[in-house]
Amino acid sequence: VAPTLSVEKSAGVSSVSEFGGDVTYTVTVRNTSLESVTLTALVDDKFGDLDVEGSSCDLGDDVGETPVVLAAENASDSDTFTCTFVGAVPAGDPGVAHVNEVTATAVDDDETQVSAKDTASVGRTDVAPSLSVEKSAWVASVSEFGGEVTYTVTVRNTSLESVTLT
């Protein structure tokens, strides 16, 4: 009987600004089969190989390291592996979600391979533009009968994107 896995992936936030930002993701791999399995790969379609030495997603499959073995579903010891990683969600249009998928791969003692996938979605929110305006007069005062005054108006875009003055 081939082994089975389940994977759950979640994002630490539901959205980032349209300019992107770092997001902490949590991945939980569960052995749902009746025999133990060894995790051999954990790969995200947008962020690449998550099996990085020293990270919480390190599967211990480098030379001299103990691999991550998940006990059978009905065993008394732990049958899950959970890790977190930070991924940079790129800038994008507001309302267009960034969706990424993680795939966990494992083998049983007969070298039968199994994999499972899950996705996480992070929305992008619109950021309103902002301006600063400065106005100054070239003279400090005019006579009581009035007079012409030259003014200088400076408008600065303080946003992270272009704006059109209307």
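Plainly put, segment 9-89 has a radius of gyration that is 1.04 times its Kirkwood radius, both from alpha-carbon atoms, as the Rg/Rh ratio.
Apply the a/c threshold of 1.5 to the C-alpha gyration tensor of segment 89-152 and tell me whether it is rounded, prolate or oblate. Verdict is prolate for segment 89-152. Taking GluC sites (Glu not before Pro) across segment 71-132, the ones in a DSSP loop with at most 12 further Cβ atoms lying within 10 angstrom of their Cβ are Glu111.
Where Rh is the Kirkwood radius over the Cα pairs of segment 117-166, the temperature 25 °C and the viscosity 0.890 mPa s, what D in µm²/s does Stokes-Einstein return? Roughly 159 µm²/s, to the nearest whole number.
Among the listed values [x] 1.39; [y] 1.09; [z] 0.97, the one matching Rg/Rh (Cα atoms, Kirkwood Rh) as calculated from this structure is [x]. All Cα-Cα distances of segment 42-140, cut into 5 Å bins from zero to the largest, leave 2, 9, 15, 16, 14, 10, 7, 6, 5, 3, 3, 2, 2, 2, 2, 1, 1, 0 percent in each bin in turn.
Element breakdown for the chain at a 1.4 angstrom probe: carbon and sulfur atoms account for 50% of the accessible area. Using a probe of 1.4 angstrom and keeping all protein chains present, the accessible surface of segment 29-109 works out to 50 square angstrom per residue.
Between Leu34 and Val96, the C-beta separation translates, for a Förster distance of 45 Å, into a calculated FRET efficiency of about 0.60.
Along the chain, the longest continuous region that contains none of the chymotrypsin sites (Phe, Trp or Tyr not before Pro) in a DSSP loop with at most 12 other C-beta atoms within 10 Å is 1-137. Label 7 Å along Cα→Cβ of Leu160; segment 132-148 residues with amide nitrogen under 20 Å? Residues passing the 20 Å test: 132. Other residues lying with their Cβ under 13 Å from the Cβ of Tyr25 contribute a combined charge of -4, Lys and Arg counting +1, Asp and Glu -1. Each Lys or Arg adds one and each Asp or Glu takes one away; over the other residues whose Cβ falls under 9 Å from the Cβ of Val102, this sums to -2. Neighbours of Arg156 by Cβ distance under 13 Å: Lys/Arg scored +1, Asp/Glu scored -1, total 0. Which residues in segment 97-139 have a backbone N closer than 20 Å to a point placed 7 Å from the Cα of Val149 along the Cα-to-Cβ line? Under cut-off, by backbone N: 133-139.
The values are calculated or read from the model by the stated rules, or taken from the named source; none is laboratory data. Just so it is clear, the model here is predicted, and its values are computed rather than measured. Neighbour counts run over all protein chains shown; Cβ positions are idealised from the backbone, glycine included. The area values use the complete protein model at the heavy-atom level, side chains included, leaving out ligands, DNA and RNA. Shrake-Rupley method; radii C 1.70, N 1.55, O 1.52, S 1.80 Å.
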